[in-house]
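Reading through the structure tokens given below for one structure.
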Amino acid sequence: TVIAGTKEGVAGFKEKAAALSCKVVVLPVGAVFHSPFMNEAAVHFGRELEAFSVEQPNMDIYANRTAQKYPVDIKQTMKDQINHPVKWNETILNMIADGADTFIECGAGKTLSGLIKKISKDVRVFAVQDNASLMETVEAVKQNA
């Protein structure tokens with residue numbers, strides 16, 4: 001579970017959680033993303049997005065705001081993702097229910113890969129961080145294609 005708040009608010013939460021023997025880890029983030037603290041950013045993003053034409057994707061893409069495939073109103077959903085919680089577990093479970101059996105994380109770290117492995121032991125998960133891991137992933141995916 002991830003919470004968002006001011007430094008003071010998070011410190012108060014951490015203190016109360018510690019009294020209940022809960023472990024709290026403060027994440028090093030640059031802003032309080034996916035929370036009402038981003039309302040102004042969502043408004044600005046929505047205005048900027050109006051200048052673009054966005055068409056329905058020709059493949060399944062899941063919105064972290066709804067955990068569902070993108071609806072017809074893509075722009076509104078994109079805007080809403082900025083200041084609303086991410087439905088990570090629900091999104092991954094919906095993808096698996098819809099037939100996804102392989103997940104590939106691209107970029108530094110393996111945080112998302114680890115989270116997916118905790119959600120389901122029945123899927124393949126790869127983390128691509130460099131050319132070597134890319135080649136390994138390509139070969140592994142080819143073998144089960």
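The values are calculated or read from the model by the stated rules, or taken from the named source; none is laboratory data. What you see is a predicted model; the values in this text were computed from it and never measured. Cβ coordinates were reconstructed from backbone atoms using ideal geometry, including for glycine residues, and neighbour counts include every protein chain displayed. These area figures cover heavy atoms from the full protein model, side chains too; ligands, DNA and RNA do not enter into them. Shrake-Rupley method; radii C 1.70, N 1.55, O 1.52, S 1.80 Å.
Points to keep in mind about this one:
- Residue match in region 106-113 (condition: open to solvent by less than 90 Å² (accessible area, probe 1.4 Å) and either in contact with a His (Cβ under 8 Å, 6 or more places away or on another chain) or of a type in the set (Val, Ile, Thr) (or both)): no
- Any pair with Cβ under 6 angstrom, 6 or more apart, that starts in region 110-124 at a residue that is of a type outside the set (Val, Ile, Thr) and ends at one that is outside any strand (DSSP E or B) and at pLDDT 95 or above: Ser120/Ile96
- Filter pass, Tyr70 being modelled with pLDDT of 95 or more and under 20 Å from Asn94 (Cα atoms): no
- Comparison of Asn89, Asn94, Asn83 shows that the only residue that is touching a helix residue (DSSP H, G or I) at 6+ places or on another chain (Cβ under 7 Å) and buried (at least 16 other Cβ atoms within 10 Å of the Cβ) is Asn83.
- Pairs with Cβ under 9 Å, 6+ apart, first in region 63-75 and open to solvent by 50 Å² or more (accessible area, probe 1.4 Å), second in a strand (DSSP E or B): Gln68/Tyr62; Lys69/Tyr62
Yes/no per residue for (1) open to solvent by less than 100 Å² (accessible area, probe 1.4 Å); (2) at pLDDT 95 or above; (3) not in a loop (DSSP other than H, G, I, E, B):
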site: Ala4; (1), (2), (3): yes, no, no
site: Lys14; (1), (2), (3): yes, no, yes
site: Ala18; (1), (2), (3): yes, no, yes
site: Pro28; (1), (2), (3): no, no, no
site: Val32; (1), (2), (3): yes, no, no
site: Ala41; (1), (2), (3): yes, yes, yes
site: Glu48; (1), (2), (3): no, yes, yes
site: Val54; (1), (2), (3): yes, no, no
site: Asp60; (1), (2), (3): yes, no, no
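- Every residue from region 102-145 that is among the small types (Gly, Ala, Ser) and either farther than 28 Å from Pro28 by Cα or in a helix (DSSP H, G or I) (or both): Ser113, Gly114, Ala132, Ser133, Ala140, Ala145
- When the test is whether a residue is over 28 Å from Leu134 (Cα atoms), in contact (Cβ under 8 Å) with a residue 12 or more places away in the chain and of a type in the set (A, V, I, L, M, F, W, C), Val25 does not pass it.
- Any hit, region 117-138, residues being within 30 Å of Gly5 (Cα to Cα), open to solvent by 80 Å² or more (accessible area, probe 1.4 Å) and among the polar types (S, T, N, Q): no
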